[in-house]
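Undergrad: Okay, here's the structure, questions in a sec.
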Amino acid sequence: MALGHRMRAVIGSVAAATALGALVAGCSLESPQAAEGDGQEVEVNAELRALLPGELRAESTRITVGTESGYPPFEYTNEAGRIVGFEIDLFDAASDRLGLKYTFHDMPWDSLIDELYASNVDVVAAAMSDTAERQVESDFVDYYNDSDAIMVPAGNPDGIKTLKDLCGRKVAVLGGTAVEDYTSQQSALIALNENECKAKPVTIMPFGTDADALAQVQAGKADAELTQWSTGAYNAKQVGSGDVFEVANTEVINPTPLGFRFLKGDVEMVRAYQASLQSLIDDGTYAEILEKHDLSVGALKTATVNNQNPQ
């Protein structure tokens with residue numbers, strides 16, 4: 001395995017979103033952040049550590065993790081300029097149990113997979129959906145179940161409630177411009193245009209961060225944003241006084257597991273992190289981290305690999 005190089009997304013205004021972009025730019029491949037979890041005491045488990053590839057068991061070894069920090073409550077930048085959040089805490093606990101050090105590199109969404117394929121990062125931790133398409137060239141260790149949220153201005157002036165209500169509208173989304181960079185939300189909108197919205201297609205507006213996508217709704221440049229439910233619900237509560245945005249849908253849309261993403265065939269790393277995460281589920285640490293971030297609704301009972309129970 002190559003050990004490569006590997007903003008706060010609550011928006012008060014479009015100007016704040018612009019400032020967020022500057023924060024992301026300042027946290028580049030040349031300025032990695034050391035790991036920062038929630039400080040929970042997690043002891044190293046020797047049996048789990050033995051699952052790691054031999055070259056990763058040296059005390060001086062540090063792997064590199066790619067993330068996109070504009071996605072609370074999973075990962076975001078706090079007032080001190082540190083990347084924090086649910087996924088950060090969870091990855092930190094799983095790594096501590098393995099006795100493995102790591103460094104985060106913050107980068108735009110559409111750079112993450114290229115860096116993984118180039119072995120410049122060893123794993124991606126970015127609230128990434130585990131889909132069949134992505135499993136062709138990647139392996140996932142699943143840690144959470146999430147669904148989608150349609151974010152609209154508070155009061156829902158256009159009366160949007162379902163995906164079909166997005167037909168003929170402008171919808172912002174986190175995503176790239178190449179197929180391999182599509183998020184599951186972006187893919188859902190493309191499928192919508194091929195079916196229910198064929199006569200009145202959705203204008204899909206992809207952006208490099210969720211913060212930038214949501215800012216389009218606030219600025220009136222998009223009618224809605226499609227995002228993960230946990231992030232949407234968080235922003236609806238946190239932005240302004242909770243009176244700027246709302247989640248329009250009441251029914252579950254596109255339930256999908258989220259996972260840490262590894263290169264296909266990186267069997268030992270996948271096995272080690274799956275076993276470590278399962279140990280955190282079994283001893284209650286996982287539940288404590290979920291509760292801290294108000295995410296217990298999406299808890300898994302089993303840490304799956306590629307959305308399947310490990311054999």
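The values are calculated or read from the model by the stated rules, or taken from the named source; none is laboratory data. Just so we're clear, the structure is a prediction, and the values are computed from it rather than from any experiment. Glycine gets a Cβ as well: all are built from the backbone with ideal geometry, and neighbour counts include every protein chain shown.
Undergrad: Filtering the range 158-187 down to residues that are among the hydrophobic types (A, V, I, L, M, F, W, C), in contact with a Leu (Cβ under 9 Å, 6 or more places away or on another chain) and surrounded by fewer than 21 Cβ atoms within 10 Å (Cβ to Cβ), which residue is farthest from GLU137 (Cα to Cα)?
TA: This residue is ILE160.
Undergrad: Here is a list of conditions, (1) closer than 27 Å to SER296 by Cα; (2) modelled with pLDDT of 95 or more; (3) in a loop (DSSP other than H, G, I, E, B); (4) not charged (D, E, K, R), and SER95 meets all of them except one; can you say which number that is?
TA: Unmet for SER95, out of (1) closer than 27 Å to SER296 by Cα; (2) modelled with pLDDT of 95 or more; (3) in a loop (DSSP other than H, G, I, E, B); (4) not charged (D, E, K, R): (3).
Undergrad: Now a separate question. Would you check if ILE113 is out of contact with any helix residue (DSSP H, G or I) (no Cβ under 7 Å at 6 or more places or on another chain), assigned to a helix (DSSP H, G or I), outside the structural domain of SER230 (by TED's automatic domain parsing) and buried (at least 22 other Cβ atoms within 10 Å of the Cβ)?
TA: no
Undergrad: So ARG271 passes all but one of these: (1) assigned by TED's automatic domain parsing to the domain that holds VAL136; (2) in contact with a Lys or Arg (Cβ under 8 Å, 6 or more places away or on another chain). Which condition number does it fail?
TA: (2)
Undergrad: If you scan the range 134-148, which residues turn out to be among the hydrophobic types (A, V, I, L, M, F, W, C) and either modelled with pLDDT of 95 or more or in contact with a Ser or Thr (Cβ under 8 Å, 6 or more places away or on another chain) (or both)?
TA: Hits for the range 134-148 are PHE140, VAL141.
Undergrad: Ok, one more. Mind listing just one residue for me: the one in the range 233-276 that is among the small types (Gly, Ala, Ser) and within 21 Å of PHE140 (Cβ to Cβ) and, of those, nearest to the chain's Cα centre (by Cα)?
TA: The qualifying residue nearest to the chain's Cα centre (by Cα) is GLY259.
Undergrad: Additional query: Which of the residues belonging to the range 149-173 are closer than 16 Å to PHE74 by Cβ and either in contact with a Lys or Arg (Cβ under 8 Å, 6 or more places away or on another chain) or modelled with pLDDT under 95 (or both)?
TA: none
Undergrad: Let me ask something else. What are the residues in the range 234-281 that are more than 27 Å from ALA93 (Cα to Cα) and hydrophobic (A, V, I, L, M, F, W, C), if any?
TA: Across the range 234-281, the qualifying residues are ALA236, VAL239, VAL244, PHE245, VAL247, ALA248, VAL252, ILE253.
Undergrad: Still on this model: For the range 204-241, which positions are aliphatic (A, V, I, L, M), outside any helix (DSSP H, G or I) and in contact with an Asp or Glu (Cβ under 7 Å, 6 or more places away or on another chain)?
TA: LEU226 - this is the single residue of the range 204-241 that is aliphatic (A, V, I, L, M), outside any helix (DSSP H, G or I) and in contact with an Asp or Glu (Cβ under 7 Å, 6 or more places away or on another chain).
Undergrad: Also: With the checklist (1) in contact with a helix residue (DSSP H, G or I) (Cβ under 8 Å, 6 or more places away or on another chain); (2) buried (at least 18 other Cβ atoms within 10 Å of the Cβ) in hand, flag the one item PRO310 doesn't pass.
TA: Only one criterion in (1) in contact with a helix residue (DSSP H, G or I) (Cβ under 8 Å, 6 or more places away or on another chain); (2) buried (at least 18 other Cβ atoms within 10 Å of the Cβ) is unmet by PRO310, namely (2).
Undergrad: Does THR131 fit the bill of being surrounded by fewer than 23 Cβ atoms within 10 Å (Cβ to Cβ), assigned to a strand (DSSP E or B) and at negative phi?
TA: Spelling it out, it is not the case that THR131 is surrounded by fewer than 23 Cβ atoms within 10 Å (Cβ to Cβ), assigned to a strand (DSSP E or B) and at negative phi.
Undergrad: Taking the condition touching a strand residue (DSSP E or B) at 6+ places or on another chain (Cβ under 7 Å) and closer than 14 Å to VAL247 by Cα, does ALA154 pass?
TA: Against the criterion (touching a strand residue (DSSP E or B) at 6+ places or on another chain (Cβ under 7 Å) and closer than 14 Å to VAL247 by Cα), ALA154 qualifies.
Undergrad: Suppose we keep only residues that are hydroxyl-bearing (Ser, Thr, Tyr) and surrounded by fewer than 20 Cβ atoms within 10 Å (Cβ to Cβ) within the range 41-80. Which one would you say is modelled with the lowest pLDDT?
TA: SER60
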